[in-house]
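The values are calculated or read from the model by the stated rules, or taken from the named source; none is laboratory data. Keep in mind it's a predicted model, so treat the numbers as computed, not measured. Cβ sites come from the backbone with ideal geometry, for glycine too, and all protein chains shown count toward neighbours.
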Amino acid sequence: VQVTEIPTPAPVVDRVALEANLSTMAAARPGAALRPHVKAHKCTELARRQAAHGHLTFTCATPREVLGMAAAGLGDDLLLANEVLDPARLRALARCDARVTVAVDSEATTAAAARAGIAEVVIDVNVGLPRCGCEPAAAGRLADLARRAGLTVRGVMGYEGHLMMVEPRTERKVKVDAAMDLLVEAHRLVGGDVVSAGGTGTYDLHDRVTDVQAGSYALMDSQYQRLGMPFRQALTVIGTVIAAPGDWLVADVGLKALAMDHGNPTITAASAWFFSDEHVTFAPDADGPLAASRAGDRVRVVPAHVDPTLALHERLYVVEGDAVVDTWPIDLRGW
Ligand SMILES: Cc1ncc(COP(=O)(O)O)c(C=O)c1O
């Protein structure tokens, strides 16, 4: 099967670029020093490639991701880096065939985890992102509460998501260090042997954590590309040109095939004018490779934000050049 035969719109991953990204990260943060975040791709086959590069511990954002990873036999050490109160979902996590550790940041989440029979938790600490996470000073008390409730406290996590895009890099480093001062202090109060933090934007700025939770590095997106990281754009969403009326072209990749929260996706050698539900209207550069495009031709759109883009699709096509060499289900979708 060739790329030209794929029904569009469809996400396509370049196998060579993916493998290069996985190798680059595995060299920088080998084995358990990286805890790849599966929310970036929601695909157990891609997680298997990360395992083949030596990472056997994973981060998840939803119970569904944990259960899917467990069912795929990738459950050596799964961290649900998110808060859950739903008793049925927590019980399913407690029962599944995997080592599952759940983040807790309050009395409510700790009690819910203990009641559902969860064995292991980490204390989620707020290191500056106004989302989940307890105050650093409250982490020790919460850990005591968890231990009294029968939970094993493995350590702490703290996600500095507000710092991923800080530029220049020297300033990002200073801010990450300050955020990690908070996490290290919380760890002193909590104990345990896990200190988990970070993402693609900060993967090489951490020297005091046990593992970095990067996810986007595998496939990349146009937002992260702006940081000039050593990872290649492996993911595109491929579309078909359905109209070529004049100065502009129209392809069948709209905002229902692309997450738009990080701004407009891009098209190499063209300017994307605007996206509608099922269309992108774009103008090819006059002397570029798309200048002679006609109806029926394929076009590759680079998503601005990889995670929510892939969550819109059911399968990922793996390509080498123009040949489709594999199809991977995006099987961790849902909650
Ligand atoms: C808890 C947590 N850890 C890590 C990440 C890092 O992911 P990425 O590498 O895609 O920036 C995220 C992304 O939002 C996250 O929510």
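Condition check ((1) under 28 Å from L74 (Cβ atoms); (2) aliphatic (A, V, I, L, M); (3) modelled with pLDDT of 95 or more) across all residues:
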residue	(1), (2), (3)
Q233	yes, no, yes
N264	no, no, no
A269	no, yes, yes
R300	no, no, yes
E314	yes, no, yes
V325	yes, yes, yes
W328	yes, no, yes
D331	yes, no, yes
W335	yes, no, yes
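Set side by side, the residues G140, G150, G133 differ, and just one is modelled with pLDDT of 95 or more, within 16 Å of the ligand (Cβ to nearest atom) and small (G, A, S), which is G133.
A108 fulfils the conditions (1) farther than 16 Å from A61 by Cα; (2) within 16 Å of the ligand (Cβ to nearest atom) except for a single criterion, (2).
I need the full set of residues from the range 200-228 which are closer than 24 Å to E45 by Cβ and of a type in the set (A, V, I, L, M), in order please. Scanning the range 200-228 gives V212, A214, A218, L219, M220.
Given the options A10, A20, A28, name the one that is closer than 15 Å to L235 by Cα, surrounded by fewer than 18 Cβ atoms within 10 Å (Cβ to Cβ), over 14 Å from the mean Cα position of the chain (by Cα) and not aromatic (F, W, Y).
Exactly one residue qualifies, and that residue is A20.
Restricting to the range 22-49, what's the tally of residues that are over 18 Å from D204 (Cα atoms), within 15 Å of the ligand (Cβ to nearest atom) and assigned to a helix (DSSP H, G or I)? Total meeting the criteria: 5. Residues in the range 82-127 that are surrounded by fewer than 24 Cβ atoms within 10 Å (Cβ to Cβ), among the small types (G, A, S) and in contact (Cβ under 8 Å) with a residue 12 or more places away in the chain: A92, A94, A98, S106, A108, A111, A112, A114, A116, G117, A119. Within the range 223-253, the set of residues being touching a helix residue (DSSP H, G or I) at 6+ places or on another chain (Cβ under 9 Å), in contact (Cβ under 8 Å) with a residue 40 or more places away in the chain and of a type in the set (G, A, S) comprises A234 only.
On inspection, A119 qualifies as among the small types (G, A, S) and within 21 Å of D77 (Cα to Cα).
Condition check: within 16 Å of the ligand (Cβ to nearest atom), under 23 Å from V100 (Cβ atoms) and touching a helix residue (DSSP H, G or I) at 6+ places or on another chain (Cβ under 9 Å). Does V176 satisfy that? So V176 fails the test. The residues of the range 204-218 that are more than 8 Å from the ligand (Cβ to nearest atom) and of a type in the set (S, T, Y) amount to a single one, T210. Contact map, the range 286-305: residues that are over 20 Å from D221 (Cβ atoms) paired with residues that are part of a loop (DSSP other than H, G, I, E, B), Cβ distance under 7 Å, separation 6+ or inter-chain. Pairs shown: G288/A269; P289/A269; L290/A269; A291/D285; S293/A244; R294/A244; A295/A244.
Annotation: P11 fulfils all but one of (1) within 14 Å of the ligand (Cβ to nearest atom); (2) assigned to a strand (DSSP E or B); the unmet one is (1). What number of residues within the range 215-243 are among the hydrophobic types (A, V, I, L, M, F, W, C) and surrounded by fewer than 18 Cβ atoms within 10 Å (Cβ to Cβ)? Total satisfying the criteria: 3. Counting only strands (runs of 3 or more DSSP E) that sit completely within the range 230-335, those holding 2 or more residues that are of a type in the set (S, T, N, Q) correspond to 235-243.
Evaluate the following for V122: is it under 24 Å from P36 (Cα atoms) and away from the ligand (no atom under 16 Å from the Cβ)? Walk me through it before giving the result.
Values: under 24 Å from P36 (Cα atoms): yes; away from the ligand (no atom under 16 Å from the Cβ): no.
No.
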